[in-house]
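The values are calculated or read from the model by the stated rules, or taken from the named source; none is laboratory data. Since the structure is predicted, the reported quantities are computational estimates derived from the model, not experimental observations. As a convention, Cβ positions derive from the backbone with ideal geometry for all residues, glycine included, and neighbour counts pool all protein chains shown.
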Amino acid sequence: MKDLRGSAIDQGLIFLTKLANLSVQDFPEWEHLRTLQKIRDCVVHCFGHVDDSRDKKFLHELASRGIGVSIEGPDGRLSVTKQFCEQQLAHLLKLFERLFASAGWS
């Protein structure tokens, strides 16, 4: 239990890897979960101000991809489109489906 430190995502990774013996870090959907975590952290901890975020380099790179994430206005706030959110939800659904299948619960 003392190994379960860090963010909830990090704790989940440790639990699933060490205790459930699932290599979730190899799932492509896991990176989408990390992306959502960084977006969430910016919104919650920095009120969406990207340059105040510890993940500002990642968020600027993400916004440059043209996938529905942008940095807007003179104060550089993070913005996401409805389509981006829907795509991320689809990735999360796939992650859970993969987790359940890997655990033998499908």
Please determine, by comparing only the residues of the stretch 78-106 that are of a type in the set (Gly, Ala, Ser) and modelled with pLDDT of 95 or more, which one is nearest to residue 28 (Cα to Cα).
90
Requiring at least 2 residues that are in contact (Cβ under 8 Å) with a residue 24 or more places away in the chain and farther than 21 Å from residue 101 by Cβ, the helices (runs of 4 or more DSSP H) wholly within the stretch 1-88 are 28-46
Checklist (1) under 18 Å from residue 24 (Cβ atoms); (2) over 16 Å from the mean Cα position of the chain (by Cα) applied to residue 75, failing item:
(1)
Could you tell me whether residue 99 is in contact with a helix residue (DSSP H, G or I) (Cβ under 6 Å, 6 or more places away or on another chain) and hydrophobic (A, V, I, L, M, F, W, C)?
no
Consider residue 35 carefully, then state whether it is under 12 Å from the mean Cα position of the chain (by Cα) and of a type in the set (Ser, Thr, Tyr).
yes
Going by the conditions given, is residue 62 over 21 Å from residue 105 (Cβ atoms), at pLDDT 95 or above and either within 14 Å of the chain's Cα centre (by Cα) or polar (S, T, N, Q) (or both)?
yes
Determine whether the stretch 9-28 contains at least one residue that is modelled with pLDDT of 95 or more, β-branched (Val, Ile, Thr) and surrounded by 11 or more Cβ atoms within 10 Å (Cβ to Cβ).
no
